[in-house]
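Comments concern the structure below.
Quick note: the coordinates plus some simple rules give every number you see, no bench work behind them. The model shown is predicted, which means the values in this text are computed figures rather than measured ones. Glycine gets a Cβ as well: all are built from the backbone with ideal geometry, and neighbour counts include every protein chain shown.
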Amino acid sequence: GQAKKTEAQWGSFSRLLKKLMVQNHLVCMDGATGTSLEQKGVSGEKQWKGWPAQTYMPEAVREVHEEYIQSGASIIITNSYASSKHVMPPDTTDDEVIKANHLAAQLALEAVGDLKDVFVAGSISNHSPSPPEGVTPNASTNITELGLWPPADEEIENYRVQAETLAG
């Protein structure tokens, strides 16, 4: 089942990296997806406040991935950097988190299509929860003191849900 599929994917990825390293090739990975999405009209502020672009502008996310592939990227990173439950809006349900992460992976995989030498990596970050309206993040803003950061066990659970969804 899933374990054999994952082993096969890692084996394929491992062989590609070894081949590229022996040949002294550079492996390119996409990056700055949020910036590229902003250039397509996606609100950067909305993304940073926990509204992942894949949930309201999926075609833009797919296009960004396709552009990175056309530019020579060998690894595409899902647009799930800020898609953990504690980063998304406070009333976000587990189902909405799963949907956002599943869609992020699906769009990246669609962009890759049948290409055998391009891989998809799931993106999980320790991005802090967005501050409430009226609080401007700066060097003196302490998210923990504001009481926004979830307890450690809840944070770990949020990452587990995100990782399992991206891997699925």
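Quick notes
- Approximate spin-label separation Y159-S140, in nm, with each point projected 7 Å along Cα-to-Cβ: 3.1
- Using alpha-carbon coordinates, inclination of helix 152-167 to the longest axis of the chain, degrees: 30
- Among the listed options [x] 10, 35, 33, 18, 5, 0; [y] 11, 42, 37, 9, 1; [z] 8, 33, 38, 15, 5, 1, the one matching P(r) over Cα pairs in 10 Å bins from 0, in percent as calculated from these coordinates is [x].
- Pairs of Lys residues in the chain are counted when their Cα atoms are under 15 angstrom apart and they lie 8 or more places apart or on different chains; the count is 4.
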